[in-house]
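**Q** Encoded as structure tokens, here's the structure I'll be asking about.
The values are calculated or read from the model by the stated rules, or taken from the named source; none is laboratory data. Small disclaimer: the values here were computed from a predicted structure and weren't measured. Note that each Cβ is placed from the backbone with ideal geometry, even for glycine, and that neighbours are counted across all protein chains shown. Each accessible area value is taken on the protein alone, full model and side chains, heavy atoms only, with ligands, DNA and RNA left out. Shrake-Rupley method; radii C 1.70, N 1.55, O 1.52, S 1.80 Å.
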Amino acid sequence: MTEKKKINLNRVPIPKQKPLIRRGNFNEVALGYAEEQAIEEANRCIQCKKAGCKEGCPVNVDIPEFIKAIGEGDMPEAVRILKSKNSLAGICGRVCPQEIQCEMTCNLAKKGAPIAIGRLERYVADWERAHPLVSENQKGNCISKDKKVAVVGSGPGGLTCAADLAKLGYQVTILEALHVAGGVLMYGIPEFRLPKDIVQGEIDYVKSLGVEIKLDHVIGKIATVDEILEDGYNAVFLAPGAGAPMFLNIPGENLSNIYSANEFLTRTNLMKAYLFPEYDTPIKVGRKVAVFGGGNVAMDSSRCALRLGAEEVYIIYRRSRVEMPARREESENAEEEGIIFQLLTNPKRFIGDEQGRVKAVECYEMELGEPDESGRRRPIPKPGTEFIIEIDTAIVALGTRPNPIIPSTTKGLELTRWGTIKTDEATGRTSKEKVWCGGDMATGAATVISAMGAGKRAAADIDAYLQGKS
Ligand code: FAD
Ligand code: SF4
């Protein structure tokens, strides 16, 4: 009789920098598994016949198979399995919300802690970085095809679509507006959550597949989508993200030292304000900072402000903790570092000093009513609860919407009422012949993995179209 495997219901913990130390530096917070820890965690996996984890992965990674390879210590095989479906594994392993995807559907979650799939993914990707010869074998042996595809935007959606098309043999050019490739992965998510050399390593991998990246190319200004097609490209995939910030629209919002999170994070990350004095990027971080919003962007902004020297940093959010859209791990990390959560609170107006700088924000308390159309309980102001918080910097992190530059310069692109480009969800096709779209530009601000999933689906459909199969 074979002995039944005893299931360990607890995860192998991941080592992290201690809160009091990490709040003073921009180094990565989570340090990653060592080999023996990764093998131990992988060996908790019971290799289910009906593996729930697979259903939760938007890019269809063969999760039990790559975990099995780790458990057996066969890292090259784990790399092969993972990278055949995911070209940006080191990024996904760090920032994807696995807790509401593959880990939520892992069968072990019904009894105890699900397998730490994200941490294992990160381990494999980092192992490969340390053993670069393996990646040489990942390029595939596709026959090159005499067709050109242009990809607009080099965020996760654009990079994934470009990589998949290059693996299929197409000549792919990415046209990127900024002077650096990577989209939000480079200019938005801070170094302490996603080190930029990891992102650059994965961009270099995409380039090694033959993808050309042209920087400083703002489509809609330097050339239109129609001009790209006239230039001989057989298809265009649009992945320009949703980078236009939303504001509170309350009195005093034009005072000095009130930033959109986009601007604050771009100055911090892309323009490297955190490397002062090596980079002398202007940024004002006072002693007391208020960040408005409850998502990942708000957490990142507050934790950057703390690391840039602020003494008191508030997250001001109008709902309760349960409704907060930020990843739980990140809001916990923020709180451990000393960020003050001022929940069920909404700003009413900013108050300025004689020089036109913000000096306080007046807020009122909220309570939760019935669920609204988003399914979350509607926040309702409590009359007569106004109070003042003194601040010297404010960061508005309410979300973003698509920039209209491409739709307004492209004839025949149908839009939704939110200004996103209308697409067929299964294929990414737009209303315009030869033009596909995916990522935040099609869905509104979402996640890295959803942009990657859209890039993958569009690549498959572009291939079918160019091969005359659809
Ligand atoms: P983007 O990443 O926005 O990339 C679009 C690219 O297109 C940019 O490089 C832009 O410069 C370029 N572009 C724009 N317009 C043009 C043009 N006209 N011509 C040429 N190029 C153009 N998601 C998670 O899953 N986990 C997280 O932890 C997480 N944290 C986040 C933290 C922050 C601060 C932010 C801002 C977002 C976060 N997200 C997170 C969301 C995630 O980053 C986005 O959903 C994802 O990056 C969208 O990918 P994308 O490819 O559609 O667009
Ligand atoms: Fe392993 Fe969980 Fe997937 Fe089962 S569902 S194969 S335990 S990761």
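**Q** In nm, to one decimal, how far is the ARG357 label point from the LYS214 one, both placed 7 Å along Cα→Cβ?
**A** With each label point 7 Å from Cα toward Cβ, the separation is 4.5 nm.
**Q** Okay, which of segment 273-296 sit inside 20 Å, backbone N to the point 7 Å along the Cα-Cβ direction of GLU311?
**A** Backbone N within reach: 284-291.
**Q** Based on DSSP H runs of at least 4 residues, each adding -39500 (n - 2.57), what is the mean residue ellipticity at 222 nm of the chain after dividing by all its residues, to the nearest 500 deg cm²/dmol?
**A** -9000 deg cm²/dmol
**Q** Where the centroid of each part is defined by its Cα atoms, how far is segment 165-226 from segment 45-96 in Å?
**A** 24 Å
**Q** Could you tell me which chymotrypsin sites (Phe, Trp or Tyr not before Pro) in segment 205-283 are loop residues by DSSP with no more than 16 other beta carbons within 10 angstrom of their beta carbon?
**A** Here the sparse-neighbourhood loop sites are PHE247, TYR279.
**Q** Quick one: which residues, 5 or more positions from GLU367 or on another chain, have an amide H under 5 Å from its amide H? H modelled 1.01 Å from N in the peptide plane, none for Pro or chain starts.
**A** Placed amide hydrogens put ILE380, LYS382 under 5 Å from GLU367.
**Q** Where in the chain are the DSSP H helices whose C-alpha atoms run 15 Å or more along the long axis and whose mean Kyte hydropathy is at least -1.0?
**A** 75-85, 117-130, 156-167, 196-208, 296-307, 448-466
**Q** Send over a whole-number figure in Å² for the accessible area per residue of the chain, probe 1.4 Å.
**A** Ligands and nucleic acids excluded, the figure is 46 Å² per residue.
**Q** Also, I was wondering about something else. Return the FRET efficiency for the residue pair ASP226, ILE100: r is the Cβ-Cβ distance, R0 is 41 Å, and the value is rounded to the nearest 0.05.
**A** E between ASP226 and ILE100, to the nearest 0.05, is 0.55.
**Q** Quick one: if the Förster radius is 22 Å, what FRET efficiency do ASN249 and SER374 give, using the C-beta to C-beta distance and rounding to 0.05?
**A** Efficiency computed from Cβ-Cβ geometry: 0.70.
**Q** When the accessible area of the chain is split by element with a 1.4 Å probe, what percent falls to carbon and sulfur?
**A** Summing carbon and sulfur atoms, their accessible area is 51 percent of the total for the chain.
**Q** Under 14 Å from a label point 7 Å along Cα→Cβ of GLU433: give me every residue in segment 198-227 with its amide N that close.
**A** 226
**Q** For LEU9 and GLU36 in one chain, what is 0.36 nm times their gap in residues minus the Cα-Cα distance, to one decimal in nm?
**A** 7.9 nm
**Q** Once you've got the Cα coordinates, tell me which of LYS50/LYS148; LYS167/LYS422; LYS284/LYS411; LYS18/LYS83; LYS16/LYS456; LYS196/LYS284 are over 30 Å apart.
**A** Over 30 Å Cα-Cα: LYS50/LYS148; LYS284/LYS411; LYS18/LYS83; LYS16/LYS456.
**Q** Just want to confirm a number: the relative contact order over segment 266-394, from Cα pairs under 8 angstrom separated by 6+ residues, in percent.
**A** 23 percent
**Q** Separate question: Given points 7 Å out from each Cα along the Cα-Cβ axis, report the ALA464 to ALA446 separation in nanometres with one decimal.
**A** Here the modelled spin labels are 1.8 nm apart.
**Q** Can you list which of the GluC sites (Glu not before Pro) found in segment 224-322 are DSSP loop residues with at most 13 other C-beta atoms within 10 Å?
**A** GLU278, GLU311
**Q** Evaluated at 10 °C with a viscosity of 1.306 mPa s, what Stokes-Einstein diffusion coefficient in µm²/s does the chain have when Rh comes from the Kirkwood expression over alpha-carbon pairs?
**A** Result for D is 67 µm²/s.
**Q** Defining a contact as two alpha carbons under 8 Å apart and six or more residues distant in sequence, what relative contact order in percent does the chain show?
**A** 15 percent
**Q** Amide H neighbours of LYS432 under 5 Å, at least 5 residues apart or on other chains, H built in the peptide plane: list them.
**A** The answer is GLU414.
**Q** Related question: In debye, nearest 20: dipole of segment 245-399 around its Cα centre with unit charges on the Cβ of K, R (+) and D, E (-)?
**A** For this selection, approximately 200 debye.
**Q** Shifting gears a bit: Run the quick spin-label model on GLN47 and TRP418: label points 7 Å from Cα toward the beta carbon, then report their separation in nm to one decimal.
**A** A separation of 4.2 nm, rounded to one decimal place.
**Q** To the nearest 20 Debye, how big is the dipole of segment 214-335 about its Cα centre, given +1 on the beta carbon of each Lys and Arg and -1 on that of each Asp and Glu?
**A** Around 540 debye, computed over segment 214-335.
**Q** How high is the relative contact order of segment 19-138? Use alpha-carbon pairs under 8 Å, at least six apart in sequence, and give a whole percent.
**A** 29 percent
**Q** Still on this structure: Only Lys, Arg, Asp and Glu count, each charged at its Cβ (+1, +1, -1, -1), so figure out the dipole size of the chain about its Cα centre, rounded to 20 debye.
**A** Magnitude of the dipole: close to 880 debye.
**Q** Now for a different question. Report the full-extension gain for the segment THR409 to SER84: residue separation times 0.36 nm, less the Cα-Cα distance, to one decimal in nm.
**A** Net length gain for the segment: 113.4 nm.
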